1. Out of the stretch 10-34, which residues are in contact (Cβ under 8 Å) with a residue 24 or more places away in the chain, among the aliphatic types (A, V, I, L, M) and surrounded by 15 or more Cβ atoms within 10 Å (Cβ to Cβ)?
2. Evaluate the following for residue 86: is it assigned to a loop (DSSP other than H, G, I, E, B) and among the acidic types (Asp, Glu)?
3. Which ones in the stretch 1-37 are among the β-branched types (Val, Ile, Thr) and either in a strand (DSSP E or B) or closer than 22 Å to residue 147 by Cβ (or both)?
4. So for the stretch 141-154 (the condition being more than 24 Å from residue 26 (Cβ to Cβ) and not assigned by TED's automatic domain parsing to the domain that holds residue 8), does at least one residue qualify?
5. Name every residue in the stretch 38-51 that is outside any loop (DSSP other than H, G, I, E, B) and either under 18 Å from residue 8 (Cα atoms) or modelled with pLDDT under 90 (or both), in order of residue number.
6. Being surrounded by 14 or more Cβ atoms within 10 Å (Cβ to Cβ) and at pLDDT below 95: is that true of residue 73 here?
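The values are calculated or read from the model by the stated rules, or taken from the named source; none is laboratory data. Predicted model only: the values in this text are computed from it and were never measured. Virtual Cβ from ideal backbone geometry, glycine too; neighbours counted across all protein chains shown.
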Amino acid sequence: MFYRYQESPIGRLLLVGDEAGLRQLLMDVPTEPWVIGEQWVPAETQLDNVCRQLDEYFAGRRQRFDLRLAPLGTAFQRSVWQALLEIPFGQTWSYGQLARHIGSPQAMRAVGAANGANPIAVIQPCHRVIGSNGSLTGFSGGLERKTLLLKLEGWQGMRQAALAL
């Protein structure tokens, strides 16, 4: 595994990948300290494309990532994470919409748990999932970061979300 740190408007990020693709994009959260694996080595150029695309996204010049992703998870989690990629830039879906999209309309809680376990935040845009009443809920990086990401994407529901809190 290769790893690299990336500075961003939402704080320092830890990128982890291997030959299969990007495995993790972690945000710096004080309650969840990063653990660098014993076999991990600092990336030389292996994660340059990820960093470039993240810089473009944060600068407002990219709406869709074109990267090989290789998150580790159960088949159900991977189906939820794949569905996250289908939420359009600047738009949001509720947990119920996401559950229906993957063909499991009764699995809203399981979808929420899978969304919370997303190992590739930002790129697999779990920040685009909101409560059914329009409220901003559940984001491992904190609601402040979720708000910043949605504002960066020009999400029009920000006022409604504030009213729902």
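1. So in the stretch 10-34, the residues in contact (Cβ under 8 Å) with a residue 24 or more places away in the chain come out as 10-11, 13, 15-18, 20-27, 29, 32.
Next, from what is left, pick out any that are among the aliphatic types (A, V, I, L, M): 10, 13, 15-16, 20, 22, 25-27, 29.
Result: 10, 13, 15, 16, 22, 25, 26, 27.
2. Details: assigned to a loop (DSSP other than H, G, I, E, B): yes; among the acidic types (Asp, Glu): yes.
For residue 86, the condition - assigned to a loop (DSSP other than H, G, I, E, B) and among the acidic types (Asp, Glu) - is met.
3. Within the stretch 1-37, the first condition is being among the β-branched types (Val, Ile, Thr), and the residues that meet it are 10, 16, 29, 31, 35-36.
Once the filter is applied, which keeps residues that are among the β-branched types (Val, Ile, Thr) and either in a strand (DSSP E or B) or closer than 22 Å to residue 147 by Cβ (or both), the stretch 1-37 yields 10, 16, 29, 31.
4. yes
5. In the first step, residues of the stretch 38-51 are kept if they are outside any loop (DSSP other than H, G, I, E, B); the result is 41-42, 48-51.
Matches in the stretch 38-51: 48, 49, 50, 51.
6. Working: surrounded by 14 or more Cβ atoms within 10 Å (Cβ to Cβ): yes; at pLDDT below 95: no.
No; evaluated as a whole, the condition is false for this residue.
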